[in-house]
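Reading through the C-alpha cells given below for one structure.
No lab work stands behind these numbers, since they all come straight from the coordinates. Computed from a predicted model, the values in this text were never measured in an experiment. A quick note on method: Cβ atoms are made from the backbone with ideal geometry, for glycine too, and the neighbour counts reach across all protein chains shown.
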Amino acid sequence: MSLTAIQKRFVLVLAIPLVLFLFVLGFLYVYPTFFQNKAVESTLPTPKVTSEPSITPNTPSQTDQNNGTEASSPVIWATTLANCQKDPEADFNNEKGVSHPDRVFIMGLLALAKKDVAICASTGSAKDDNGSTCEENYVLMTTLSTTGSDCGKIANKDLSLSCSANRKKDPSICSQIPDTTMKTICEAATSGDTGTCSTLPADQKSDCANTVTFVKSLNGHDANACDKIDIAVAGGRFDKAYCTIVLGPNPKKAWDDYYANTVCLQRYSNNVAKEKSDVSSCENIPGKGAENKKLYEDCVAQFK
C-alpha cells in the first residue's frame, strides 16, 4: 500500500468520529432550546377571539308608534280619526303654514268660541270660500248678535252692506250689492221673510231660507232657533255651527263638537274606509248629499 493511500485512510478514520461528535454536540444544543421555546409558548395567555359586533334593528314598539296608546298599522287612519275627535283643537293646530279657505273659516269659528279676535291674526289677509277674512267674519257675527254696530270695520263691501242693512232694518241698503243672489239673500235676511228667497234658483232657495233663520236667531239671541237650520242643505252645517257657537251656553264645546263631527269625519273617513276595506265608513262623511257629495261618491267608488 502506498503512502498516499495510507494517509487517505487515516484521514477518513479520523473524520468519521469527528463528524459524529459534532452531530451529537449540535443535537444536544438544539434539542433543549426547541423544547424550551415550546414550553414558553405554551404559558402565554390565549388571545381572546372577538367576533364582529351584532347589531339588532331598533324596531319601534307599538307604544312608540301610537303615543303610548294603541297598536300601529293597520289602524293608523282609524287612530288618527279617533285622536282628532278626542282633541279637535290639537288636530287643528297641527296644520301649520299657509292658510287655506277652510282653515280661515274654522279659525273664525274658534275666535268666536274663545271670544278673542286676536286668534284671527295667524290667518292674516287669507280669505274663506265666501271671500271673507277670519276677522271680518268675527266682526259680522258679533255685530249681528249684539246691539253695537261695527259693520264699517268689515272690508268686504257686500258683507258690510248686508251687516248695515240688518242693523238698520233697511232692506233698501241691500240694493247696493252688485251680486243678484247676495242682494236677494240680504233682503230676505233683513226683512225676515223667507218668501223673498223664492226668486232664487232652486238650489239656492234652501240656503237663503237657512240664512234668514240664522240671522233671526242672532238678532233675537235665541239659541234654540239654531236647531231650525237645515243641515241637509249645502252650507247649513256651517250656519248652524256659527249659530250655536255665537249663541250657545258653551261656545268652545260647540266648536269642539263641530270640528269632531264635521271636520274630522270629512277629513279622514275616506282613508279609514280604504284602510279597513269597509264601505260603511263612507257613510260617516257629513253632508254627503250636499257640500260633500263628490267626496262621498269618490269614497264609495273605490269599492266598485
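Each Cα pair of the stretch 74-296 feeds into the Kirkwood radius, which the Stokes-Einstein equation turns, at 20 °C and 1.002 mPa s, into a diffusion coefficient of 118 µm²/s. Residue 270: net charge of surrounding residues, Cβ under 14 Å, Lys/Arg +1, Asp/Glu -1, itself excluded? That sum, taken over residues with Cβ under 14 Å, equals +1. Counting other Cβ atoms within 10 Å as a rough exposure proxy, the listed residues 303, 214, 105, 92 run 303, 92, 105, 214 from fewest neighbours to most. Sorting 76-86, 219-229 by average packing, meaning the other beta carbons within 10 Å per residue, from highest down gives 76-86, 219-229. Specify whether the C-alpha gyration tensor of the stretch 212-304 places it in the rounded, prolate or oblate class, a ≥ b ≥ c being the square roots of the eigenvalues: rounded for a/c under 1.5, otherwise prolate if a/b is larger than b/c and oblate if not. The shape class here is prolate.
In summary, the lysines within cross-link reach of residue 183, defined as a Cα separation below 18 angstrom excluding same-chain residues under 8 places away, comprise 157, 168, 169, 205, 216. Global dimensions of the stretch 77-129 from alpha-carbon coordinates: Rg and Dmax equal 11.9, 35 Å.
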